[in-house]
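Inspection log for the structure reproduced underneath, given as structure tokens.
The values are calculated or read from the model by the stated rules, or taken from the named source; none is laboratory data. None of the values given here were measured: they were computed from a predicted structure. Don't worry about glycine lacking a Cβ; one is built from the backbone with ideal geometry, like all the others, and counts go over all protein chains shown. We work out accessible area using only protein heavy atoms, side chains counted, and drop any ligands, DNA or RNA first. Shrake-Rupley method; radii C 1.70, N 1.55, O 1.52, S 1.80 Å.
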Amino acid sequence: QAQENMTSVWGQSDLICDVTGMDLMGLPLIAPNATYDRVFTLPLLTISMTKGTGIVTSVPSDAPDDYAALRDMQTDEALRAKYGIELDMVEKYAPIPIIRIPGGDEDLGVEDFGEMAAVTACIALKVKNQHDKAKLVKIKKSVYNKGFYAGVMTVGSQKGKTVEDAKDGVKSELL
């Protein structure tokens, strides 16, 4: 972070406070370029819980793990209670289409991914929840690959560009 002038000495940072992932659950946030004015920090159980890299904006329309996790939070009261998530933090949130992926994937039984590739594929493969890892890995491999190389942005300043071509523009906007 010193190379980005975020710390004064290379490799050293000042500890301000200790925060656990559980401390962040349910925290209201403003996500960049999001349709919703406010979103909440939710757990994603398919990632390594042994290292923290920050809060990442969820994209349930195109990320199968994100879609399964959101659906779990919306339908599983015990899971919400475990993480201190209230129903009103998740119930009104639906995936927002941002990428159109032409075509589908015969192996997944999907003729056309459309604008909700993760949702479409999770339904086609009957993904039960975010612990349905084999199906989610299969979907992710296909959706991420086809989305990056053939997907077209449907919203924002990069609308009409392929995801591959839009990547640098979106990165610049976020920075």
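Annotations
- As for region 31-48, it holds no residue that is open to solvent by less than 40 Å² (accessible area, probe 1.4 Å) and farther than 15 Å from Val90 by Cβ.
- Residue check for Tyr149: touching a Pro at 6+ places or on another chain (Cβ under 9 Å) and either on the phi < 0 side of the Ramachandran plot or hydroxyl-bearing (Ser, Thr, Tyr) (or both): no
- Just one residue in the set Met73, Met116 is buried (at least 20 other Cβ atoms within 10 Å of the Cβ), farther than 30 Å from Thr162 by Cβ and among the hydrophobic types (A, V, I, L, M, F, W, C); that residue is Met73.
- Residue in region 13-32 that is among the charged types (D, E, K, R), part of a helix (DSSP H, G or I) and over 20 Å from Val137 (Cα atoms) present: yes
- Only residues that are of a type in the set (D, E, K, R) and part of a loop (DSSP other than H, G, I, E, B) were counted across region 84-110, and they come to 3.
- Of all residues in region 78-105, those that are crowded, with 17+ Cβ neighbours inside 10 Å have Cβ atoms under 6 Å from Cβ atoms of residues that are of a type in the set (Lys, Arg), 6 or more apart or on another chain, in Ile101/Lys146.
- Of residues in region 138-162 being closer than 17 Å to Val119 by Cβ and not charged (D, E, K, R), the one surrounded by the fewest Cβ atoms within 10 Å (Cβ to Cβ): Val155
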